[in-house]
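Only one structure is covered here, and it is reproduced in the block below.
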Amino acid sequence: MAIEFSETVPVGAPAEVVGRIMSDVARWPEWTASVSVVRRAATGPLTAGETIVVEQPKLPPSTWTVTRVGPTGFEWTSRSTGIRNVAGHWATDAGDGTSVAVLTLSFAGPLARPSLLFYSGLVRRYMAMEGEGLCAAAERHG
C-alpha cells in the first residue's frame, strides 16, 4: 500500500508554460531550494526511459527514471532499499490563462512507512517549496 503526498498549486500562467518549466529539470535548482543539483546526460525534451540524478539538501542523491511525458508535465520513479517512489508533475489549464499544478509523490515498499516516520515533514516542506517556486517561475515566464 502506497503512502501518498500531494501539493496543488494555482498558477497565473497557462499549463503549457508550467509543464515546460517542470520538465526542464536541469533548471530546478534555479527556482526551488528543495533541489540543489540535477545531473541529466541528455539535452532537449525529457524522454521516457531517461535517468536523472537529483540531489536535495538533507537527503542522499537519488536516480529517477522518467516513465511518462506530456506537454503539461511528466512522471518519474526512483528506487532505494525497500522503497519505491513515484512522482508526478502535471498542470491543467483552468480556462482563463491560468492553470493548476499538481505535484504528487508516493512511497511504497517495506521501508516506506518507517522512513516516513523521519522524513514526512521534510517531504511536505520540499513539496510546498517546489510548488511556490514553480508558481513564481511560471508567472515570471508566462
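Quick one: count up the residues across the range 19-44 that are in a helix (DSSP H, G or I), among the charged types (D, E, K, R) and in contact with a Pro (Cβ under 9 Å, 6 or more places away or on another chain).
Qualifying residue count for the region: 1.
Within the range 50-57, is there a residue that is surrounded by 17 or more Cβ atoms within 10 Å (Cβ to Cβ), in contact (Cβ under 8 Å) with a residue 40 or more places away in the chain and part of a loop (DSSP other than H, G, I, E, B)?
Within the range 50-57, one or more residues are surrounded by 17 or more Cβ atoms within 10 Å (Cβ to Cβ), in contact (Cβ under 8 Å) with a residue 40 or more places away in the chain and part of a loop (DSSP other than H, G, I, E, B).
Just give me the residues in the range 52-77 being in contact with a strand residue (DSSP E or B) (Cβ under 6 Å, 6 or more places away or on another chain) and either among the basic types (Lys, Arg) or farther than 13 Å from Val25 by Cβ (or both), in sequence order.
Hits for the range 52-77 are Pro61, Thr67, Arg68, Thr72, Thr77.
Residue pairs, Cβ under 7 Å, 6 or more apart or interchain, first in the range 118-131 and closer than 21 Å to Val100 by Cβ, second aliphatic (A, V, I, L, M) and at pLDDT 95 or above. List them.
Close Cβ pairs (under 7 Å, with a partner that is aliphatic (A, V, I, L, M) and at pLDDT 95 or above) amount to Val123/Leu105; Met127/Leu103; Met127/Leu105; Met129/Ala33; Glu130/Leu103; Gly131/Val9; Gly131/Ala101; Gly131/Leu103.
Is there a residue being more than 19 Å from the chain's Cα centre (by Cα) and either under 23 Å from Trp64 (Cα atoms) or not hydrophobic (A, V, I, L, M, F, W, C) (or both) anywhere in the range 117-136?
Yes, the conditions are met somewhere in the range 117-136.
Sort out which residues of the range 58-92 are touching a residue at least 60 places away in the same chain (Cβ under 8 Å), in a strand (DSSP E or B) and farther than 17 Å from Glu132 by Cα, and write them in order of number.
Val86
Val25: modelled with pLDDT of 95 or more, in contact with a Leu (Cβ under 9 Å, 6 or more places away or on another chain) and over 27 Å from Leu116 (Cα atoms), yes or no?
no
Of the residues Leu111, Leu46, Leu105, which is closer than 14 Å to Glu130 by Cβ and modelled with pLDDT of 95 or more?
It is Leu105.
May I ask you to list the residues in the range 1-16 that are surrounded by fewer than 19 Cβ atoms within 10 Å (Cβ to Cβ) and either at pLDDT below 95 or over 13 Å from the mean Cα position of the chain (by Cα) (or both)?
Correct list: Met1, Ala2, Ile3, Glu4, Pro10, Gly12, Glu16.
Output the residues belonging to the range 93-110 that are in contact with a Gly (Cβ under 9 Å, 6 or more places away or on another chain) and either surrounded by 14 or more Cβ atoms within 10 Å (Cβ to Cβ) or part of a strand (DSSP E or B) (or both).
Answer for the range 93-110, where residues must be in contact with a Gly (Cβ under 9 Å, 6 or more places away or on another chain) and either surrounded by 14 or more Cβ atoms within 10 Å (Cβ to Cβ) or part of a strand (DSSP E or B) (or both): Thr98, Ser99, Ala101, Val102, Leu103, Thr104, Leu105, Ser106, Gly109.
The values are calculated or read from the model by the stated rules, or taken from the named source; none is laboratory data. Just so we're clear, the structure is a prediction, and the values are computed from it rather than from any experiment. Don't worry about glycine lacking a Cβ; one is built from the backbone with ideal geometry, like all the others, and counts go over all protein chains shown.
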